[in-house]
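Enquirer: Dropping a structure here in structure tokens format, bear with me for questions.
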Amino acid sequence: MCIYHLLPDTFKYGKEIILIMIPQFLNREEELRFLEKIHGEEGFKLVVIYGRRRVGKTELIKKFMENKRGCYILLTNESLRENIRYFKECFARTLGREYYEKIEVESLSDLFKYADFGGERFVLALDEFPYLLEINRGLLSTFQKVVDENLSKTNVMLILSGSSLSMMENDVLGYRSPLYGRNVNVWKLQPFHFRTIYEIFGDIRLSAEVYYVFGSIPYYLNFYDQSRSLEENIREVILTKGMNLYDEPLILLRQEFRESRIYRLILKYISQGYRTVGKLCSATGMDKSNITKYLDTLRETGFVEHVLPFGKKRGGVYEISDPFVDFWFRFVYFNRADLEMGNVEKVLSIFRREKSTYFGYKFEKLIFHLMRTGSLSPFRKYGSFTRWWHKGEEIDIVGVAEDALLVAECKWSDGVDANSALEKLRKKAERIKWSGRMEYAIFAKSFSSKSEGAICYDLKDIERELRQL
């Protein structure tokens with residue numbers, strides 16, 4: 001299932017309507033193969049698909065279920081009675097037995113006693129499964145009973161999907177779950193690889209800048225109008241009150257956390273550079289034990305990541321994981337008062353002033369992403385990547401291999417002199433405690449000259465690698 005945008009564009013010889021396709025379902029071939037493989041096997045199968053909100057779980061499930069015998073149910077947290085009604089309606093429609101709607105039952109276990117799925121493969125997909133658990137955590141034990149007594153001898157493929165990472169990982173998949181230890185097929189759906197963004201937008205520079213602002217979540221990319229500039233998209237979709245992404249992170253936090261205001265406060269300060277526990281304690285007024293608890297939860301749910309400098313086991317900094325959420329807290333939330341008054345141009349001017357520095361930081365994050373996913377061939381031998389900093393000195397990327405240490409500099413600039421950059425990088429690298437061989441890399445938008453002493457990658461080199469993936 002794809003989503004298409006009709007976007008107007010003005011050409012030299014008049015106005016035309018062009019189709020610019022940014023499908024929410026794109027490049028999920030691996031996930032589809034996983035589901036198709038399970039579907040092709042015999043007997044009852046239990047599949048758990050989870051991932052952060054907006055990542056495309058529903059679209060994946062619907063795409064997979066096209067032309068298949070099955071039933072898709074979007075669960076709610078209204079009441080158990082309402083959800084039972086959804087089950088009855090779906091069973092009546094897909095199994096061709098209208099009397100299911102008239103069956104009077106008060107529990108899901110009673111309902112499944114009447115369900116006859118036949119001998120052919122039947123897919124039962126329950127989307128937003130955590131909503132059911134919000135009504136009653138005991139319903140997970142009910143599902144265990146349904147599986148054991150009603151589904152285990154059938155040819156049903158049961159898919160449980162959810163966006164609440166904490167509930168899916170702890171309640172559904174955790175060791176205390178009634179489903180723990182069973183033969184469960186699990187897939188955590190991730191945001192798009194940068195390669196997919198490049199496939200959508202074509203131009204490597206534009207793709208990078210879109211990634212820095214909109215990130216790699218399908219839902220956010222869906223709102224990008226390719227007939228407009230990046231800045232126009234930021235103005236219209238993100239900074240303008242009432243538009244699609246103006247309140248998006250607030251919605252995410254309210255859906256994920258009961259104490260959303262505290263998490264909102266912490267993310268605001270992280271986006272403004274308060275990235276250590278000590279600085280966050282000072283900024284928020286919270287004590288260390290409290291702030292650490294909230295940071296651990298943010299890390300577990302994928303909102304932040306904890307980065308330790310090379311060679312250290314404690315301390316480190318916290319950074320917002322998702323590029324769009326980071327951009328939103330830095331430029332929307334911090335300037336909320338102006339935006340509420342309609343002063344969009346004022347906030348845009350702040351963005352323009354900080355754009356070079358901010359995009360430089362995001363370029364580092366993009367290179368991290370490409371290295372960690374094995375997308376850049378010269379760096380695949382490195383097993384882990386982090387940064388290094390000490391007393392005001394910083395190295396953007398440090399990669400660790402069995403026989404070498406990689407130190408890399410990232411410059412979001414054109415016409416970079418690689419020899420000059422390498423000389424500075426080598427001086428900083430002398431302060432790293434490492435007795436083995438060192439390798440050097442310089443990344444830039446473009447180079448005025450490359451260096452034989454380092455691996456030099458510009459956007460064209462990255463583009464070449466993406467085309468070969």
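Enquirer: Among the helices (runs of 4 or more DSSP H) contained in the stretch 186-282, which hold 3 or more residues that are more than 30 Å from G174 (Cβ to Cβ) and of a type outside the set (V, I, T)?
Expert: The helices (runs of 4 or more DSSP H) meeting that bar are 194-201, 204-214, 230-233, 260-271.
Enquirer: Let me ask you something else. Taking K113 as the residue in question, decide whether it is touching a helix residue (DSSP H, G or I) at 6+ places or on another chain (Cβ under 8 Å), of a type outside the set (V, I, T) and outside any loop (DSSP other than H, G, I, E, B).
Expert: yes
Enquirer: Sort out which residues of the stretch 414-457 are small (G, A, S) and surrounded by fewer than 17 Cβ atoms within 10 Å (Cβ to Cβ), and write them in order of number.
Expert: G415, S420, S435, G436, S446, S448, S449, G453
Enquirer: A further question on this structure: Take the conditions in contact (Cβ under 8 Å) with a residue 40 or more places away in the chain and either touching a helix residue (DSSP H, G or I) at 6+ places or on another chain (Cβ under 9 Å) or within 24 Å of D396 (Cα to Cα) (or both) and apply them to V304. Does it pass?
Expert: Against the criterion (in contact (Cβ under 8 Å) with a residue 40 or more places away in the chain and either touching a helix residue (DSSP H, G or I) at 6+ places or on another chain (Cβ under 9 Å) or within 24 Å of D396 (Cα to Cα) (or both)), V304 does not qualify.
Enquirer: Give, as residue ranges, the strands (runs of 3 or more DSSP E) completely inside the stretch 4-104 that count at least 1 residues that are modelled with pLDDT under 85.
Expert: The strands (runs of 3 or more DSSP E) meeting that bar are 5-11, 14-20.
Okay, residues lined up against (1) in contact (Cβ under 8 Å) with a residue 40 or more places away in the chain; (2) under 21 Å from L376 (Cα atoms):
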| position | (1), (2) |
| --- | --- |
| C410 | yes, yes |
| R431 | yes, no |
| M438 | no, yes |
| S446 | no, yes |
| S449 | no, yes |
| E452 | no, yes |
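Enquirer: Could you tell me how many of the residues in the stretch 334-349 are surrounded by 15 or more Cβ atoms within 10 Å (Cβ to Cβ) and either without any contact (Cβ under 8 Å) to a residue 24 or more places away in the chain or outside the structural domain of Q272 (by TED's automatic domain parsing) (or both)?
Expert: Residues in the stretch 334-349 being surrounded by 15 or more Cβ atoms within 10 Å (Cβ to Cβ) and either without any contact (Cβ under 8 Å) to a residue 24 or more places away in the chain or outside the structural domain of Q272 (by TED's automatic domain parsing) (or both): 2 in total.
Enquirer: Report every pair of residues separated by at least 6 positions or lying on different chains whose Cβ atoms are under 6 Å apart, first residue within the stretch 144-160 and without any contact (Cβ under 8 Å) to a residue 40 or more places away in the chain, second surrounded by fewer than 19 Cβ atoms within 10 Å (Cβ to Cβ) and not aromatic (F, W, Y).
Expert: Between residues of the stretch 144-160 that are without any contact (Cβ under 8 Å) to a residue 40 or more places away in the chain and residues that are surrounded by fewer than 19 Cβ atoms within 10 Å (Cβ to Cβ) and not aromatic (F, W, Y), the close pairs are Q144/P178; K145/S109; V146/S109.
Enquirer: Can we say G118 is of a type outside the set (D, E, K, R), modelled with pLDDT of 90 or more and at positive phi?
Expert: So G118 fits the description; yes.
Enquirer: Taking Y198 as the residue in question, decide whether it is in the same structural domain as F351 (by TED's automatic domain parsing), over 30 Å from D338 (Cα atoms), under 17 Å from the mean Cα position of the chain (by Cα) and surrounded by 19 or more Cβ atoms within 10 Å (Cβ to Cβ).
Expert: Considered against the rule, which asks whether it is in the same structural domain as F351 (by TED's automatic domain parsing), over 30 Å from D338 (Cα atoms), under 17 Å from the mean Cα position of the chain (by Cα) and surrounded by 19 or more Cβ atoms within 10 Å (Cβ to Cβ), Y198 comes out as yes.
Enquirer: Condition test on Y180, is it free of Cβ contacts under 8 Å to residues at least 24 places away in the same chain and outside any strand (DSSP E or B)?
Expert: Criteria met by Y180.
Enquirer: Another question, then. Select the strands (runs of 3 or more DSSP E) contained entirely in the stretch 351-469, then report the ones holding at least 1 residues which are among the hydrophobic types (A, V, I, L, M, F, W, C) and under 27 Å from W328 (Cα atoms).
Expert: Here the list reads 384-390, 393-400, 404-411, 437-444.
Enquirer: Would you confirm whether or not the stretch 375-383 contains a residue that is out of contact with any helix residue (DSSP H, G or I) (no Cβ under 9 Å at 6 or more places or on another chain), at pLDDT 95 or above and not assigned by TED's automatic domain parsing to the domain that holds D461?
Expert: No: the stretch 375-383 contains no residue that is out of contact with any helix residue (DSSP H, G or I) (no Cβ under 9 Å at 6 or more places or on another chain), at pLDDT 95 or above and not assigned by TED's automatic domain parsing to the domain that holds D461.
Enquirer: List the number of the failed condition for V123; all other conditions in (1) more than 17 Å from G70 (Cα to Cα); (2) not in a loop (DSSP other than H, G, I, E, B) hold.
Expert: The failed condition is (1).
The values are calculated or read from the model by the stated rules, or taken from the named source; none is laboratory data. Since this is a predicted model, take the numbers as computed values, not measurements. Cβ: placed from backbone, ideal geometry, glycine included. Neighbour counts: every protein chain shown.
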